[in-house]
Amino acid sequence: MHKFIIDNQEVEYTPGESIIQAAKNAGIEIPNFCWHPGLSVAGNCRICLVEVEKMPKLAIACATPVTDGMVVYTKSKRTIHAQNAVMEFLLINHPLDCPICDEAGECKLQDYAYKYSVGISRFDEEKFKKDKRVDIGPNVMFDGDRCISCSRCIRFCDEIAKSPQLTFVRRGEMVTIRTFPGEELDNPYSMNVIEICPVGALTSKDFRFRSRVWEMSNTESICPGCSRGCNTRLGVRNNEILRIEPRENLEVNDYWLCDYGRLNTFKYVNDKNLRISEPIIKLDEPENEKKDTVETGWDEAISKAVSILRRYNSSEILFVASPFSTMEDNYALKKFATEIIKTENIFYIPLIDESFEDDILRKADKTPNATGLKLLGINPYNNNDIADLKSRKYKLIYVLNDDFSRISEYSEFSKHIDVSIQHLQVRTKFMNNAIVIFPDSTYAEINGTFVNFMNRIQRIKPAVATIEKERLIGEFSLSRWDKFGAPNDRWTHGKKFNSRPAWKVIKQLTKAFGTDFGFNNTEEVYIELANAIPGLEGTDYEAIGQKGLLITSNIKAEV
């Protein structure tokens with residue numbers, strides 16, 4: 001067992017660790033700007049200087065390896081004096097942009113100016129001005145005045161994104177960041193430089209000036225953009241998702257998130273033009289030749305769906321599961337199909353894009369839960385299923401959160417389908433066929449689980465409120481407005497959709513058929529499905545935790 005002493009406290013360490021890593025593992029803060037656990041060591045900011053016994057000079061904690069018996073001081077007079085000097089140097093030319101800077105409230109320079117600076121400036125000269133609002137890429141804006149030359153963004157592009165697009169130019173106080181000639185910061189992971197920038201020099205064009213960080217509540221979630229299942233944090237204000245940030249999980253996505261996951265997986269959640277906001281039924285009275293659709297209440301929509309299901313034999317009904325939906329919703333769908341309708345006619349439609357995959361994070365499977373469906377015994381459609389569709393075997397299609405028109409050769413059998421019942425989040429091409437549409441809650445509005453391609457089951461939590469009130473206090477970090485806002489404040493009146501998770505709707509359908517699945521909440525659905533999957537028996541949401549749970553059993557379903 002290896003130990004060293006830091007601030008009179010004996011601490012264990014792993015050989016090869018630097019002082020700053022060992023201190024972090026022990027819960028001891030050493031200030032840092034340029035150091036990042038996911039990047040190489042640069043050692044150029046000097047704020048992490050510490051005093052080490054028997055060393056004549058101060059040492060940088062990020063690049064000094066720990067040795068047995070080493071004695072380190074992070075709060076000695078020499079260390080504090082050095083920290084004060086570094087902060088004074090960094091603040092000499094730094095602008096007073098805090099009131100308008102997106103980073104305010106989560107800025108290291110702002111925090112360290114309070115913790116490690118003397119609070120005064122001896123600089124009487126005019127500040128050196130650098131370029132502001134520099135467009136360095138399609139998603140990132142650069143403010144040269146705020147840059148402290150930590151080189152994190154440069155190292156990220158070189159080492160993680162494998163796309164060397166940024167570099168330092170000039171020297172001394174004129175040093176700044178630039179893209180290489182003829183280049184722009186447009187790699188698929190470019191927006192990670194925004195998170196790792198310790199100040200507000202690199203900002204998101206999409207989020208710029210939209211909210212102060214303390215006005216947002218933050219909820220842990222999972223990116224639904226591909227089968228990687230990157231851990232994320234959803235920032236919400238006024239019941240609207242404003243940004244997605246990566247959440248550290250060394251077993252899944254390390255510290256990173258691709259730009260597709262940041263920008264393409266949440267905007268539809270609050271888009272009233274795309275979302276299905278109320279149950280919809282198609283009028284089928286004899287005098288209604290055009291078969292008009294109308295919005296209706298839940299009870300009428302459920303009654304209509306039950307009457308349609310009873311018109312057809314079980315062999316004529318096809319259930320389409322969804323790799324975009326949670327384990328809980330898909331489990332309820334399969335249970336309804338096999339136990340109530342008495343059919344095994346169920347498959348899902350995969351979404352594979354080989355051009356999307358890379359060797360960093362992104363996977364060709366652009367769905368979050370295809371692996372989970374296989375664990376539930378639900379397989380992708382095959383040639384036999386296409387043949388059955390062409391032979392007019394199926395008259396009624398029951399679709400969970402997908403566009404059935406995505407299936408191959410759809411045009412060849414679409415006219416053979418009489419009707420469909422669909423749970424939909426957004427409008428699709430196939431929705432015109434539906435006689436009943438249930439508005440389905442999105443991943444950002446419900447509790448549930450996804451299983452990623454590595455067989456790791458991970459939780460999602462509601463970040464956005466619906467009329468159903470799936471979002472409960474205690475499941476998300478409270479913003480200032482959550483804590484202190486009054487009922488008449490503008491940020492308490494964001495749009496709420498009248499959507500429900502599919503398992504809850506299916507439970508109501510089963511009651512109409514004389515059965516009650518007995519689920520009272522999402523976790524009860526999970527506990528039942530977990531007991532049916534080897535490797536998950538006896539687990540609950542607490543067991544899954546913040547980082548997910550690796551399922552050790554093999555998937556025996558057809559791939």
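Bear in mind that the values in this text are calculations on the coordinates, not laboratory data. Not measured: the values here are computed from a predicted model. All Cβ positions, glycine included, derive from the backbone under ideal geometry; neighbour counts span all protein chains shown.
Among 129/162; 77/132; 3/57; 342/393; 75/108, which pairs are too far apart, with a Cα-Cα distance over 26 Å?
The pairs that break the limit, which is 26 Å between Cα atoms, are 129/162; 77/132.
For the range 86-180, which chymotrypsin sites (Phe, Trp or Tyr not before Pro) are both in a DSSP coil and crowded by at most 15 other Cβ atoms within 10 Å?
123, 128
Can you pull out the trypsin sites (Lys or Arg not before Pro) in the range 1-64 whose DSSP state is coil and whose Cβ has at most 11 other Cβ atoms within 10 Å?
Passing both the DSSP loop test and the Cβ count: 54, 57.
How much net charge surrounds residue 13 when only other residues with a Cβ under 10 Å from its Cβ are counted (Lys, Arg +1; Asp, Glu -1)?
-2
Taking 1 over the mean of 1/r across every pair of different Cα atoms in the range 1-137, what Kirkwood radius in Å do you get?
It is 16.6 Å.
Report, in listed order, any pair from 205/429; 334/511; 205/495 with a Cα-Cα distance greater than 26 Å.
205/429
If you take the alpha carbon radius of gyration of the range 194-269 and divide it by 2.2 N^0.38 Å, what ratio comes out, to two decimals?
Here the Cα radius of gyration is 1.06 times the empirical estimate.
Put +1 on the Cβ of each Lys and Arg and -1 on the Cβ of each Asp and Glu in the chain; which of 345, 306, 96 then has its Cα farthest toward the positive end of the dipole?
96
Could you state the number of Å between the C-alpha centres of the range 442-465 and the range 170-233?
Taking the Cα centre of each part, the range 170-233 and the range 442-465 sit 23 Å apart.
In the structure shown, do any of 272/390; 272/461; 390/504 have a Cα-Cα gap over 26 Å, and if so which?
Flagged as over cut-off: 272/390; 390/504.
Against the 2.2 N^0.38 Å scaling, with N counting residues, where does the range 299-360 land? I'd like the Cα-based Rg ratio to two decimal places.
Working it through for the range 299-360, the quotient is 1.49.
Roughly speaking, what % of Cα-Cα pairs in the range 12-90 are separated by over 14 Å, rounded to a whole number?
Summing the P(r) of the range 12-90 above 14 Å gives 59 percent of all pairs.
Rounded to the nearest 20 debye, what is the charge dipole size of the range 3-91 about its Cα centre when +1 sits on each Lys and Arg Cβ and -1 on each Asp and Glu Cβ?
The dipole of the range 3-91 has a size of about 260 debye.
Can you list, by residue number, the Cys in the chain that have no neighbouring cysteine C-beta under 4.7 Å?
48, 62, 98, 101, 107, 147, 153, 157, 197, 226, 258
Normalising by the residue count of the range 1-137, find the relative contact order in percent from Cα pairs under 8 Å and 6+ residues apart.
22 percent
I need the fraction of alpha carbon pairs in the range 314-452 separated by more than 17 Å, rounded to a whole percent.
It works out to 60 percent of all Cα pairs.
What share of the DSSP beta bridges in the range 3-91 is antiparallel, in percent to the nearest 5?
In the range 3-91, approximately 80 percent of DSSP beta bridges are antiparallel ones.
When the Debye formula is applied to the Cα atoms of the range 85-126, each taken as the same point scatterer, what base-10 log of I(q)/I(0) results at q = 0.16 Å⁻¹?
Taking Cα atoms of the range 85-126 as identical point scatterers yields -0.41.
Taking the alpha-carbon distance from residue 54 and a cut-off under 16 Å, which aspartates and glutamates remain once sequence neighbours fewer than 8 residues away in the same chain are dropped?
The qualifying aspartates and glutamates are 7, 68.
If you build the Cα gyration tensor of the chain and take the root of 5 times each eigenvalue, what three semi-axes come out, in whole angstrom, biggest first?
Here the semi-axes work out to 52, 25, 22 Å.
Order by neighbour count: 529, 283, fewest other Cβ atoms within 10 Å first, most last.
283, 529
Tell me the net charge near residue 109. Cut-off is 10 Å between Cβ atoms, residue 109 excluded, with +1 for each Lys or Arg and -1 for each Asp or Glu.
Taking every other residue near residue 109 into account, the sum is 0.
From the Cα trace of the range 114-223, what convex hull volume per residue do you get, rounded to a whole Å³?
Each residue corresponds to 161 Å³ of Cα convex hull volume.
Which of the aspartates and glutamates could a cross-linker span from residue 374 if the Cα-Cα distance has to be under 12 Å and same-chain partners fewer than 8 positions apart are dropped?
558
Go ahead and estimate [θ] at 222 nm for the chain from helices alone: -39,500 (n - 2.57) per DSSP H run with n ≥ 4, summed, over the residue count, rounded to 500.
The per-residue figure over the chain is -5500 deg cm²/dmol.
Considering the options 255, 21, 167, tell which one lies farthest towards the positive end of the dipole of the chain, charges being +1 on Lys and Arg and -1 on Asp and Glu at the Cβ, about the Cα centre.
Most positive-ward Cα: 167.
Only helices at least 18 Å long along their axis, Cα-based, and averaging 0.0 or more on Kyte-Doolittle count here, so list those DSSP H runs from the chain.
Result, helices passing both filters: 77-91.
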